[in-house]
Amino acid sequence: MLATMMHHPRCVGLAAPQVGKNVRIIVMDARRVDKPGSRHGRLALLNPQITREERSRLLREGCLSIPDYTGNVLRYDAVEVRALNRDGREVRYKAHGFEAVVFQHEVDHLDGKLFLDRVGSLETDVFRRKSYG
Ligand SMILES: [Zn+2]
């Protein structure tokens, strides 16, 4: 999964269901694009759960699984996440800004949700992408 993520230059996260695996694993690295927020680096997490959410706002989002479109999605600006790391140890992260959004996006994938499921209106909140990124 890390190799798949790294293969796509602006890909900041991937969830196991996107590569056909029905397990609750995500990989992510918010440092790969220049957007404000916390930066915990490259993470590989098992069973991540969002335990706290603060301040929702609307922002534009895309997904490797839906390469031709972006959409306006309501996301929290700050979250706390609990998960197991590669060694099976419990880890907790406080994320804000872009990294917080990546967490929410990838956890959604584990629950079978795409950002298109979260847009207000498919007519006014979805946009055709001009170029990836
Ligand atoms: Zn995605």
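The values are calculated or read from the model by the stated rules, or taken from the named source; none is laboratory data. Not measured: the values here are computed from a predicted model. Positions of Cβ are generated from backbone atoms using ideal geometry, with glycine treated the same way; all protein chains shown enter the neighbour counts. Ligands, DNA and RNA are excluded from the accessible area calculation, which covers all protein heavy atoms including side chains. Shrake-Rupley method; radii C 1.70, N 1.55, O 1.52, S 1.80 Å.
Observations on the model:
- Simple rule: put +1 on each Lys or Arg Cβ and -1 on each Asp or Glu Cβ in the chain, find the dipole, and look at Leu74, Leu45, Gly20; the Cα lying farthest toward the positive end is Leu45.
- Percent RCO, i.e. relative contact order, over segment 24-133, from Cα pairs under 8 Å lying at least 6 residues apart: 28
- Surface accessible to a 1.4 Å probe, per residue, for the residues of the chain, Å²: 57
- Value in Å of the Kirkwood radius, where segment 25-81 supplies the Cα pairs that are averaged: 13.1
- Among Ile25, Ile66, Ile50: highest mean-square fluctuation, GNM of the chain, C-alpha pairs under 10 Å: Ile66
- Whole-number percent relative contact order across segment 1-40, with pairs defined as alpha carbons under 8 Å at least 6 apart: 35
- Our helix-only sum for the chain, with -39,500 (n - 2.57) per DSSP H run of n ≥ 4 divided by its residues, gives a mean residue ellipticity at 222 nm of -4000 deg cm²/dmol.
- Prolate/oblate/rounded call for segment 1-47, Cα gyration tensor, a/c under 1.5 rounded: oblate
- When the chain is described by a simple charge dipole with +1 on each Lys and Arg Cβ and -1 on each Asp and Glu Cβ, the residue from Phe115, Cys63, Ala30 located farthest towards its positive end is Ala30.
- Folded to 0 to 90 degrees: helix 98-110 orientation relative to the chain principal axis, Cα: 90
- Here Lys35 is the anchor, and the lysines within straight C-alpha reach of less than 19 Å, apart from those fewer than 8 places off in the same chain, are Lys94.
- To put it simply, the accessible area of segment 52-92 at a 1.4 Å probe is 41 percent carbon and sulfur.
- Cα-centred dipole magnitude for segment 6-68, charges only on beta-carbon of K, R (+1) and D, E (-1), debye, nearest 20: 160
- Here the dipole of segment 51-111 is about 220 debye; that uses its Cα centre as origin and unit charges on the Cβ of Lys and Arg (positive) and Asp and Glu (negative).
- Size of electric dipole in the chain: Cβ of Lys, Arg +1 and of Asp, Glu -1, about Cα centre, debye, nearest 20: 360
- Along each principal axis, Cα extent of the chain, largest first, Å: 44, 32, 28
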